[in-house]
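Below is one structure, written out as structure tokens; comments come after it.
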Amino acid sequence: MATLAKAGEYIGPKPYVHPENETYWKSLATGELKLQQCEACHTIRFPIGPACFKCGSTDADWVPVSPNGTVSAAIRIERATGNQVWAQVVPFIAAQVDMEGGQRMPGRVICHCEQALNHGTPVTAAYLDAGDGLGVLCFVHGC
């Protein structure tokens, strides 16, 4: 699988790391997008969870997945509400991205031309360095 590009430093609340999702956050920091794959039925699982939503198995491996996707829905965040740490990064685009492998994943989109606000725009997964050996998923548009 492709190595993810580092798209900058993450500004925001620290990711919530739990033993069940630690591999996800740490793989991003090393430039990989890894998701759980059920050992029984081979379903790629996202959201991450303790059991397969298709067959119920609790056995899974972490496998790299394609970083390519298209915007399903997107919005431009204009102001910070709630945690004011977001005030440092507004405005930004947040999107739901349909990944090549069939998963639908959320993330910030780095796009200077605003094309990523449109359904069907191709984007590529990247990561923002969150420190402490953790990464946060984001997407980049080719502009």
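The values are calculated or read from the model by the stated rules, or taken from the named source; none is laboratory data. As the structure is a computational prediction, the values presented were derived from the model and not from experiment. Note that each Cβ is placed from the backbone with ideal geometry, even for glycine, and that neighbours are counted across all protein chains shown.
For the reader, a short list of remarks on this structure follows.
- Among the conditions (1) assigned to a strand (DSSP E or B); (2) surrounded by 17 or more Cβ atoms within 10 Å (Cβ to Cβ); (3) out of contact with any helix residue (DSSP H, G or I) (no Cβ under 8 Å at 6 or more places or on another chain); (4) in contact (Cβ under 8 Å) with a residue 60 or more places away in the chain, the only one that LEU35 does not satisfy is (3).
- Segment 6-32, subset polar (S, T, N, Q) and not in a helix (DSSP H, G or I), residue farthest from TYR127 (Cα to Cα): ASN21
- Within segment 53-76, tally of residues that are part of a strand (DSSP E or B) and surrounded by 13 or more Cβ atoms within 10 Å (Cβ to Cβ): 12
- Entirely in segment 78-143, the strands (runs of 3 or more DSSP E) that have 2 or more residues that are free of Cβ contacts under 8 Å to residues at least 40 places away in the same chain and more than 17 Å from LEU28 (Cα to Cα): 92-99
- Yes/no for GLY101 being touching a strand residue (DSSP E or B) at 6+ places or on another chain (Cβ under 8 Å), small (Gly, Ala, Ser) and more than 27 Å from GLY131 (Cβ to Cβ): yes
- Odd one out for GLN115, checked against (1) modelled with pLDDT of 95 or more; (2) within 30 Å of HIS42 (Cβ to Cβ): (2)
- On the stretch given as segment 40-50, residues that are surrounded by 14 or more Cβ atoms within 10 Å (Cβ to Cβ), assigned to a loop (DSSP other than H, G, I, E, B) and not aliphatic (A, V, I, L, M) total 2.
- Test result for THR3, closer than 22 Å to GLY131 by Cα, of a type in the set (S, T, N, Q), surrounded by fewer than 17 Cβ atoms within 10 Å (Cβ to Cβ) and in contact (Cβ under 8 Å) with a residue 40 or more places away in the chain: no
- Scanning segment 49-66 for residues that are out of contact with any Lys or Arg (no Cβ under 6 Å at 6 or more places or on another chain) and of a type in the set (Phe, Trp, Tyr) yields a single hit, PHE53.
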